[in-house]
Amino acid sequence: MLVVGAVVGTAAVLVVRGVHDGPEPSQVDVAIRNYYSVLRDEGLTAATAISCPEVRELARGMGAGYVGVKQDVNIVKVDEVRIEGDVATAKVLWHITSPGVERSGEPESNLLRLELDRGTWRMCTLPE
């Protein structure tokens, strides 16, 4: 009985440590805010340059009309950050405006996915 208790206790410690040993959720929050700051200030080309490879590939296929596209993104809140290994998801509440599209009154919610690449969180969700 004592051995079983020790094994269960050790497993519980490993699970808890696994959750906390990885990058902090605040790093994911910073990466999201940085990505959308770049998208707003420098445009889609610059934002995709700091994205994960699959987003860069998709953006390449979007054509020249999207090269300088900028979006005004006002992030209200980054919430529900989940980190599993090198993948993170986060729920973001924001106001987002694209050229020619009026901002709605209520903030919108979106689930974003990021991947950890050589110590840097990279956006893996294309801008809307």
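Tabulated values for the structure
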{"quantity": "Residue within the range 79-96 that is of a type outside the set (K, R), at pLDDT below 90 and either out of contact with any helix residue (DSSP H, G or I) (no Cβ under 9 Å at 6 or more places or on another chain) or exposed (fewer than 13 other Cβ atoms within 10 Å of the Cβ) (or both) present", "calculated": "yes"}
{"quantity": "Close pairs (7 angstrom Cβ cut-off, 6 or more residues apart or separate chains): without any contact (Cβ under 8 Å) to a residue 24 or more places away in the chain in the range 24-43, among the small types (G, A, S) and surrounded by fewer than 18 Cβ atoms within 10 Å (Cβ to Cβ) anywhere", "calculated": "V38/A46"}
{"quantity": "Which numbered condition E54 fails, given (1) outside any helix (DSSP H, G or I); (2) modelled with pLDDT under 95; (3) surrounded by 12 or more Cβ atoms within 10 Å (Cβ to Cβ)", "calculated": "(1)"}
{"quantity": "Hits in the range 109-128 (condition: modelled with pLDDT of 90 or more and closer than 19 Å to E80 by Cβ)", "calculated": "S109, N110, L111, L112, R113, L114, E115, L116, W121, M123, C124"}
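The values are calculated or read from the model by the stated rules, or taken from the named source; none is laboratory data. Computed from a predicted structure; not experimentally measured. All Cβ positions, glycine included, derive from the backbone under ideal geometry; neighbour counts span all protein chains shown.
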